[in-house]
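A short worksheet on the structure shown next.
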Amino acid sequence: MYRNEEITRNIDWMTVILYMACVIMGWLNVFAAVYNPEDQTSIFDFSNNAGKQLMWIGTSLILIICILVIHHRFYDSFAYIFYGVMILMLLLVLVAGSNINGSRSWFKFGPVSIQPAEFAKVATSLALARFLDAPGINLTKRKDLLYIAGFIGLPAILIIASNETGSTLVFASFVIMLYREGLPGFIPAIGIAAAALLVLSLIVPKLYIFLAIAGLAMLVIWMMPRYNRTPTNILSISLIGVIMMGVVTGVDFFVNDVLQKHQRNRIKVLIDPNIDPLGVGWNVTQAKIAIGSGRLHGKGFLEGTQTKFDFVPEQSTDFIFCTIGEEHGFVGSAIVVALFIGLLCRLIFLAERQRSKFSRVYGYCVAGIIFFHVMVNIGMTIGIMPVIGIPLPFFSYGGSSLWSFTILLFIFLKLDSRRTSMFARG
């Protein structure tokens, strides 16, 4: 720890203000989601989610102080230890965890539940930053890519084993950081192409897709310069086309035999939101009704009818954005989106000014994780993303979520505050 130094020295207060604005607005909207005018629900009643969220906010402030007091080198030096402990926790939760909503990913301590998967994002970010900070690491080397895949894949596999698909998909956000650090562009392009083919295969007849792939392959070969039109290049392009056709062919097996029933239903609702508005499409249908009913200025704080009558399940957690849209309208929703855009832009700015590669990599991990959560959470409430059950950062009710995002963000602010005394090793 430091002597004779303020723990807030060089802290980026703009980011802190954005964080506090998100947390306070989130708390107010959690209260709006649980408010019952007949019972005169109080925002300070610790028996409801709003009161409990206030408790989590208070404990988050204690975590912030602890993070800022600890020496900045602590996070670098103990990154692998944090990662190892988190892997053990993910293994332990599979054996001793409690089953909540079909997911065995929680430790219950009386009335308090903690989800290790939320904190795995922090530990993985630190481990990746430590690994990439080592001399000689190059993202074009196969060996280094395999190590990185292991760092990301191990916790992801353990989390999906606990039936927590949403938290697993968040690990895809690390591609943003890896691309910034030199990951060849064709690797994320392959992932995007595979996802696009999966969606197209569910909408368009497979024969049309096969014809389109074949036509695209022939067009690429025809447009190649004559000196590059070698048998090897032609064979490579043809092989890529055959692999793409194989992906399309395997979609039916993946959807019908690999995915669980509720996961198949989420994909069906994404493709056709009106497929079963009173059944599997209920959440998305009611979410869009709630947001749309807010119109320009909203119905007013605590005046949301869709919220009051519980039309949207999980409205204080995964679907908190519905409350924002209904009670504060387009204007309130735009303000929330602007807050997140401002936070993300600030994080990228801070990451780019780091003198330490460890800090820069970690900063991009933070920005990527928050971006993924915001994009998917808001996207699923308006029907353009599948419902995968991940929280809106700082807004959704939940101690594990708020703690993990607070820790994630303030470790980076601590690293940034000491950037003038940290020397890059990579």
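Listing for the model above:
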{"item": "Furthest towards positive pole of dipole, Thr232, Ile160, Pro184, structure part region 146-264, Cβ charges", "result": "Thr232"}
{"item": "Estimated dipole of the chain in Debye, rounded to 20 [Cβ of Lys and Arg +1, of Asp and Glu -1, Cα centre]", "result": "1540 debye"}
{"item": "Ordering of 215-227, 286-298, 320-332, 55-67 by burial proxy (mean other Cβ atoms within 10 Å per residue, highest first)", "result": "320-332, 286-298, 55-67, 215-227"}
{"item": "Cα-derived Rg to Rh of the chain, Kirkwood definition", "result": "0.99"}
{"item": "Furthest towards positive pole of dipole, Gly325, Thr41, Phe171, structure part the chain, Cβ charges", "result": "Phe171"}
{"item": "Relative contact order (%) - criterion: Cα under 8 Å, at least six apart; region: region 169-253", "result": "38 percent"}
{"item": "Solvent exposure, largest accessible area first (probe 1.4 Å, DNA, RNA and ligands not counted), of Phe319, Phe311, Phe44", "result": "Phe44, Phe311, Phe319"}
{"item": "Whole-Å distance, taken between Cα centres, linking region 24-56 and region 204-273", "result": "49 Å"}
{"item": "Trypsin sites (Lys or Arg not before Pro) within region 314-387, DSSP loop, no more than 15 other Cβ atoms inside 10 Å", "result": "Arg353, Arg355"}
{"item": "Most positive-pole-ward Cα, Val247, Val30, Gly298, against dipole of the chain from beta carbon charges", "result": "Val247"}
{"item": "Cross-link pairs beyond the 23 Å C-alpha cut-off, checked among Lys121/Lys357; Lys108/Lys261; Lys143/Lys357; Lys141/Lys414; Lys52/Lys288", "result": "Lys108/Lys261; Lys141/Lys414; Lys52/Lys288"}
{"item": "Region 1-128 - convex hull of the alpha-carbon atoms, volume per residue in Å³", "result": "152 Å³"}
{"item": "Dipole magnitude of region 38-165, debye to nearest 20 (Cβ charges: Lys/Arg +1, Asp/Glu -1, about Cα centre)", "result": "620 debye"}
{"item": "Highest average packing first - 196-207, 174-185, Cβ atoms within 10 Å", "result": "174-185, 196-207"}
{"item": "Cα centroid of region 151-184 to Cα centroid of region 327-378, whole Å", "result": "18 Å"}
{"item": "Accessible surface of the chain [probe 1.4 Å, protein heavy atoms]: carbon and sulfur percent", "result": "69 percent"}
{"item": "Residue-normalised accessible area of the chain, given per residue in Å² at a 1.4 Å probe", "result": "48 Å²"}
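The values are calculated or read from the model by the stated rules, or taken from the named source; none is laboratory data. Keep in mind the model is a prediction, meaning the values are calculated, not measured. Virtual Cβ from ideal backbone geometry, glycine too; neighbours counted across all protein chains shown. To get the accessible areas, we keep the full protein, side chains included, count just its heavy atoms, and leave off ligands, DNA and RNA. Shrake-Rupley method; radii C 1.70, N 1.55, O 1.52, S 1.80 Å.
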